[in-house]
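Below you'll find the structure, written out as structure tokens, and then a few comments.
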Amino acid sequence: MGGVEDDEPPSKRVKVSSGEVRSFSGSLSLSEPVNSFLGDSMARPLAFEGGEEMVGSKQVIKKVEFVRIITKALYSLGFDRSGALLEEESGIPLHSSVVNLFRQQVLDGNWDDSVATLHKIGTLDETTIKSASFLILEQKFIELLGKEKVMDALKTLRTEIAPLSVNKNRLHELSSCLVSPSQCKLLGVSSQDTFSSESRFKLLEKLQKVLPPTVLIPEKRLENLVEQALNVQREACYFHNSLDSALSLYADHHCGRDVIPSRTLQVLQAHRDEVWFLQFSHNGKYLASSSNDGSVIIWEVNENRVSLKRTLNGHQKPVFTISWSPDDSQVLTCGMEEIVRRWDVSSGECLHVYEKASLGLISCGWLPDGKRVFSGLSDKSICMWDLDGKELECWKGQRTLKISDMAITDDGRIISMCRETAILLLDREAKIERLIEEDQTITSFSLSRDNKFLLVNLLNQEIHLWSIEDDDPKLVSTYKGHKRTRFVIRSCFGGSQQAFIASGSEDSLVYIWHRGTGELLEALPGHSGAVNCVSWNPANPHMLASASDDRTIRIWGLNSVNLKRNDTYSNSNGVIHHCNGGT
């Protein structure tokens, strides 16, 4: 059934043009001619049969595999003639003549012949043959249904697919298609394209995952090998702090210490009092800062320059913390034991005020859906509102401390301080509580971008890195060197892959450590007062911001940046001072 006539020469079998192949195959590169060589490959001896020739300086790369992978990549990139020429010149076919015949039979819909050819490939075990046969006969069944040959489809199901004893759940699903056409649609089977070229290319893609890579080389194998090599170089680069776009195939990758932001590019002097908090937006396009003067300023980031966009006034007390909405269009600001305000970043309009009668709010944040906000209260409780201010929930845990820092992970776990020396990880849906317990008083903490790590600042002038991915939190690393005696000092993750840790300090310096080793890399001078908070731009690994009691914000960048203007000072209206570093 559906076989190729015996007297039909292989070279005359109907082929899909390379243009059609590319248009249907998507990520699957099937544009390579089914007859691999420019000539009649089925009659040619395989040039690589015999010994294993090795290439490369270490002689660990098999030449045949190397050439075949390059050939596959050429076809994947659409260079059909180049791929065919490489096969011809090297004498190494991309596929054996049997595999070529098998692929063509699949594309032509010669299902019985393709199953027979499958048994002739020679390197396949029984399990692989059955799994591949199931996929082929499934396609045959679907195409028969598409042609409304219900009895033939039933016969195929009973006499060909069922005896394979493979994937019985799928077999039941296919059976349901016989009695309910709507069930076919639920299974992703459409009568309109059941026997189109596209569906057969998808079948080849499925077969590729079942058959050994020596038979059908995996898609994008060369690209995957190159990416693995780049990843190894990146992971081995101690100071790696560049975007992936900076990686090149032309030379081995290596970053020097100069890729760490260590030079003051700008000093921002728009706040009238100590700057207590600052945070870049998720997309890195904005920086929000808050001050003891009660103001919040939104700064706009353009490459390595930062400019004042808008000042938000309304709080009657110092603004202690800020939180960006998931889409960066809004920002929450929290006054010290006061209220939480929600602002529109573009217009500067205060959209809502969240408050609780006779209580002060002392922290704020967004739930991952961006439709709810939360805050810690001065009575040691946590409240949640919708955007319009409707209180959704308010609870007070048995071990809840007067809430300061809080965070919520992407999967909804609530992180808060529950004792002076402990942080509570609360999964309210699963009703699971876990604790991070320290020997020293905790002053602040911050959550990594991937939600897997927590950076904890302690009273004893140490910063601890905890892994919170598993059920049992683990202390991973410790960072020392900064000074903290009286104030809340905040630290952050930063750089490419968040491979560095930065922190403020009461000695007016900004400290940067290597996250993996704990080595102190930089202690940056410039501020003339305690550095309260730091924030690393998530979109630009070369930009770091610091907030200080000296009423300024410093923007740090690379030493190699060429500055157009030097020694231009600012005043209280937000004019910016560009400098070469130092004070």
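The values are calculated or read from the model by the stated rules, or taken from the named source; none is laboratory data. Please read all numbers here as calculations on a predicted model, not as lab measurements. Virtual Cβ from ideal backbone geometry, glycine too; neighbours counted across all protein chains shown. What goes into the accessible areas is simple: the full protein's heavy atoms, side chains included, and nothing from ligands, DNA or RNA. Shrake-Rupley method; radii C 1.70, N 1.55, O 1.52, S 1.80 Å.
Could you check the stretch 217-301 for strands (runs of 3 or more DSSP E) lying wholly inside it with 3 or more residues that are of a type in the set (A, V, I, L, M, F, W, C)?
Ranges flagged: 263-268, 275-280.
Residue count for the stretch 448-466 satisfying the condition of being on the phi > 0 side of the Ramachandran plot and open to solvent by 70 Å² or more (accessible area, probe 1.4 Å): 0.
Among the listed residues Ile339, Ile322, Ile297, which satisfies the condition of being over 24 Å from the mean Cα position of the chain (by Cα) and farther than 20 Å from Trp385 by Cβ?
So the residue among Ile339, Ile322, Ile297 that is over 24 Å from the mean Cα position of the chain (by Cα) and farther than 20 Å from Trp385 by Cβ is Ile297.
Does Ser25 qualify as being open to solvent by less than 40 Å² (accessible area, probe 1.4 Å) and modelled with pLDDT of 50 or more? Spelling it out, it is not the case that Ser25 is open to solvent by less than 40 Å² (accessible area, probe 1.4 Å) and modelled with pLDDT of 50 or more. Each residue in the stretch 467-495 was checked for being surrounded by fewer than 20 Cβ atoms within 10 Å (Cβ to Cβ) and either at negative phi or not assigned by the TED database to the domain that holds Ile432 (or both), and 17 of them qualify. Within the bounds of the stretch 505-514, is there any residue that is open to solvent by 10 Å² or more (accessible area, probe 1.4 Å) and within 24 Å of the chain's Cα centre (by Cα)? Checked the stretch 505-514: at least one residue is open to solvent by 10 Å² or more (accessible area, probe 1.4 Å) and within 24 Å of the chain's Cα centre (by Cα). Only residues that are aliphatic (A, V, I, L, M), touching a Ser or Thr at 6+ places or on another chain (Cβ under 6 Å) and within 21 Å of Tyr238 (Cα to Cα) were counted in the stretch 464-500, giving 2.
Every residue, every condition in (1) closer than 23 Å to Leu243 by Cβ; (2) assigned by the TED database to the domain that holds Leu459; (3) modelled with pLDDT under 95, yes or no:
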residue	(1), (2), (3)
Gly516	yes, yes, yes
His527	no, yes, no
Cys533	no, yes, no
Ile555	yes, yes, no
Asn566	no, no, yes
Val575	no, no, yes
Asn580	no, no, yes
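Could you check the stretch 302-359 and list, in sequence order, the residues that are at positive phi and either among the aliphatic types (A, V, I, L, M) or open to solvent by less than 40 Å² (accessible area, probe 1.4 Å) (or both)? Show your work before the answer.
The initial filter retains those residues of the stretch 302-359 that are at positive phi, namely 303, 314, 328, 337, 348, 358.
If the condition is that a residue be at positive phi and either among the aliphatic types (A, V, I, L, M) or open to solvent by less than 40 Å² (accessible area, probe 1.4 Å) (or both), then Gly314, Asp328, Gly348 are the ones that fit.
Applying a threshold of 6 Å to beta carbon distances and a minimum spacing of six or more residues, or different chains, the list of pairs starting in the stretch 439-464 at a residue that is assigned by the TED database to the domain that holds Lys483 and ending at one that is of a type in the set (D, E, K, R) and not in a loop (DSSP other than H, G, I, E, B) reads Glu462/Lys480.
Among the residues of the stretch 133-161, just one is modelled with pLDDT of 95 or more and either among the small types (Gly, Ala, Ser) or outside the structural domain of Pro212 (by the TED database) (or both), namely Ser133. Listed by first and then second residue, the pairs linking a residue in the stretch 138-149 that is touching a residue at least 12 places away in the same chain (Cβ under 8 Å) to a residue that is surrounded by 19 or more Cβ atoms within 10 Å (Cβ to Cβ) and of a type in the set (S, T, N, Q), with Cβ atoms under 6 Å apart and 6 or more places separating them unless they lie on different chains, are Lys140/Thr156; Phe141/Thr156. Scanning the stretch 268-293 for residues that are surrounded by fewer than 21 Cβ atoms within 10 Å (Cβ to Cβ), over 25 Å from the mean Cα position of the chain (by Cα) and touching a residue at least 40 places away in the same chain (Cβ under 8 Å) yields a count of 4.
For the structure I just gave you, tell me whether Arg342 is in the same structural domain as Lys452 (by the TED database) and in contact with an Asp or Glu (Cβ under 6 Å, 6 or more places away or on another chain).
When the stated conditions are applied, Arg342 does not pass them.
Check the stretch 196-210 and report whether any residue there is exposed (fewer than 14 other Cβ atoms within 10 Å of the Cβ), part of a loop (DSSP other than H, G, I, E, B) and modelled with pLDDT under 90. No, every residue in the stretch 196-210 fails to be exposed (fewer than 14 other Cβ atoms within 10 Å of the Cβ), part of a loop (DSSP other than H, G, I, E, B) and modelled with pLDDT under 90.
Could you tell me which residue of the stretch 51-85 is nearest to Pro213 (Cα to Cα), considering only residues that are out of contact with any helix residue (DSSP H, G or I) (no Cβ under 7 Å at 6 or more places or on another chain) and polar (S, T, N, Q)?
Looking at the filtered set, the residue picked out is Ser76.
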